[in-house]
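Asker: Next up is a structure, given as structure tokens.
The values are calculated or read from the model by the stated rules, or taken from the named source; none is laboratory data. If you're wondering where the values come from, they're calculated on a predicted model, not measured in any experiment. Here the Cβ positions follow ideal geometry from the backbone for every residue, glycine too, while neighbour counts run over all protein chains shown.
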């Protein structure tokens, strides 16, 4: 574009120069014509004056005038010749300058045309390269999409296989329990039959021995049997008594948590300001230093977090932890907060859909939530809506899947 503008400027300059030259020539010609007219008028005036003077003087004056006229004509012819020669020289110089200017203009036109052609070729080449790059990018995107789809299909197949395996194990366990029960019943029946046969044989032996013994032996046997029965009855009675005492012992009552009033305060204040139906649950986590735990509903999670941060009575200004968990039936986000003003803690939890794990980001409330939310997205695939810059921070953006999910299958089996 700049070359074309320069070319137009040069053309305009050459045209202006030619126009100025033409005006100069016109002015010179007009000046010559004016000089000739003035000389003629002067000569006519002199002749008129001489005609009015003495005739004698007229003849001598005529000779003088003739000489003057000849001299003037000679001078005029010489001046005209010089002017003509000068004009020719100037025309030759102008023609040379014009020719040089035309040559220079032709060269610049040729250079501009060559440059424009080179620019067009470069532009065409750039377009071809961009088209090639876009094709390569599209191919890479297609390849990545295929890999992701394959990984998802593989993960789904693995999950189904695991479910089938669990079901088969459960069925096999039920079948094994049934077989064990049948075997135990058979063993019991066999043992009972064996005991019965042994008792019959023993009784038969005793009867044969009793026939040989005296009546006194029968009395001793009866006494021994009675003593054994009495001993067994006493043992059964003692056992029964001991079992009864054990049942009668009262169960120890669970002591109330020291943080129960704190939890009740949180629940009351939040319900008064945010709404009654905002919690799924609220409890004391005894396994985690009795921290008060609030389980928010999916659509009230951000409202409760906002209230915990900005309410004057609560003022939870520090986020110490945020992580995700896969429970197979659902996903869960856990947030632990602390109030430096009140020296108190609270845990906020929310359950989200496992197939489409999405929840609002709290990074605008606590700056410390930025990277933990990125980590949960990287490892669990949980998307935090309205996050300022949600991205993978441990794995690459082209990594397929989320390793902390229970159904994760590595795309590259060698890793």
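Asker: Within the bounds of segment 354-367, is there any residue that is in a helix (DSSP H, G or I) and either on the phi > 0 side of the Ramachandran plot or assigned by TED's automatic domain parsing to the domain that holds residue 294 (or both)? Break it down into steps so the answer makes sense when it comes.
Answerer: Pass one, segment 354-367, residues in a helix (DSSP H, G or I): 367.
Imposing the further condition that a residue be either on the phi > 0 side of the Ramachandran plot or assigned by TED's automatic domain parsing to the domain that holds residue 294 (or both) reduces the set to 367.
Yes, segment 354-367 contains a residue that is in a helix (DSSP H, G or I) and either on the phi > 0 side of the Ramachandran plot or assigned by TED's automatic domain parsing to the domain that holds residue 294 (or both).
Asker: On the basis of being surrounded by 12 or more Cβ atoms within 10 Å (Cβ to Cβ), at pLDDT 80 or above and either outside the structural domain of residue 112 (by TED's automatic domain parsing) or touching a helix residue (DSSP H, G or I) at 6+ places or on another chain (Cβ under 6 Å) (or both), does residue 18 make the cut? Give the steps one after another, and end with the answer.
Answerer: Details: surrounded by 12 or more Cβ atoms within 10 Å (Cβ to Cβ): yes; at pLDDT 80 or above: yes; either outside the structural domain of residue 112 (by TED's automatic domain parsing) or touching a helix residue (DSSP H, G or I) at 6+ places or on another chain (Cβ under 6 Å) (or both): no.
Against the criterion (surrounded by 12 or more Cβ atoms within 10 Å (Cβ to Cβ), at pLDDT 80 or above and either outside the structural domain of residue 112 (by TED's automatic domain parsing) or touching a helix residue (DSSP H, G or I) at 6+ places or on another chain (Cβ under 6 Å) (or both)), residue 18 does not qualify.
Asker: Restricting attention to segment 273-297, report how many residues are in a strand (DSSP E or B), crowded, with 16+ Cβ neighbours inside 10 Å and under 34 Å from the mean Cα position of the chain (by Cα).
Answerer: So the answer is 5.
Asker: In addition: Just to verify a result, which residue in segment 338-364, among those that are more than 29 Å from residue 156 (Cα to Cα) and crowded, with 19+ Cβ neighbours inside 10 Å, is nearest to the chain's Cα centre (by Cα)?
Answerer: Restricting attention to segment 338-364, the residues satisfying the condition of being more than 29 Å from residue 156 (Cα to Cα) are 338-348, 362-364.
Keeping just the survivors that are crowded, with 19+ Cβ neighbours inside 10 Å gives 345-346, 348, 362-363.
Numbers: 345: 33, 346: 32, 348: 27, 362: 18, 363: 16 Å.
Taking the candidates together, the pick is 363.
Asker: Let me ask something else. What about residue 106, is it more than 27 Å from residue 16 (Cα to Cα), assigned by TED's automatic domain parsing to the domain that holds residue 36 and either part of a helix (DSSP H, G or I) or at pLDDT below 80 (or both)? Give the derivation first.
Answerer: Details: more than 27 Å from residue 16 (Cα to Cα): no; assigned by TED's automatic domain parsing to the domain that holds residue 36: yes; either part of a helix (DSSP H, G or I) or at pLDDT below 80 (or both): yes.
Considered against the rule, which asks whether it is more than 27 Å from residue 16 (Cα to Cα), assigned by TED's automatic domain parsing to the domain that holds residue 36 and either part of a helix (DSSP H, G or I) or at pLDDT below 80 (or both), residue 106 comes out as no.
Asker: Do you know which residues across segment 307-337 are surrounded by fewer than 23 Cβ atoms within 10 Å (Cβ to Cβ) and assigned to a helix (DSSP H, G or I)?
Answerer: Within segment 307-337, 307, 309, 310 meet the criteria.
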